[in-house]
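Report on one structure; see the data block that follows.
The values are calculated or read from the model by the stated rules, or taken from the named source; none is laboratory data. Everything numeric here is computed off the predicted structure, so don't read it as measured data. Cβ placement follows ideal geometry from the backbone for every residue including glycine, while neighbour counts extend to all protein chains displayed. Please note that ligands, DNA and RNA were not included when accessible areas were found on the heavy atoms of the full protein model with its side chains. Shrake-Rupley method; radii C 1.70, N 1.55, O 1.52, S 1.80 Å.
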Amino acid sequence: MMAEMPPEQDYNAVIRKELRDSQRFGSAGLIRFIARNPDHPLADEARRLLATHTEAMRPIPGDSDADVARAFDTARR
């Protein structure tokens, strides 16, 4: 007997959750979201949210791209 496969996740629901989750990390999370999903329609929402963040970014602990995100954040501010 074959195990039943779990239903496929809704791609847009996954991306919406990723955006919500990214907001917990402030500028760093939004920058990471945009870098991972630059052409998704929600990237524009992330860009709008990021524009409201004027403080220096706090890196996400353990983020291997923290230096790149920090340089981007410095340039955009």
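Side notes on the structure shown:
- When residues of the stretch 23-51 are limited to those that are closer than 19 Å to Arg77 by Cα and of a type in the set (S, T, N, Q), the one farthest from the chain's Cα centre (by Cα): Ser27
- Selection count where residues are of a type outside the set (A, V, I, L, M, F, W, C) and touching a residue at least 24 places away in the same chain (Cβ under 8 Å), scope the stretch 45-69: 7
- Taking the stretch 12-77 as the region of interest, none of the helices (runs of 4 or more DSSP H) fully inside it holds 3 or more residues being of a type in the set (Phe, Trp, Tyr) and open to solvent by 90 Å² or more (accessible area, probe 1.4 Å).
- A single entry from Ala75, Ala46 fulfils the requirement of being at pLDDT 90 or above and under 25 Å from Asn12 (Cα atoms): Ala46.
- Count - residues of the stretch 17-44 that are under 16 Å from Asp63 (Cα atoms) and free of Cβ contacts under 8 Å to residues at least 12 places away in the same chain: 2
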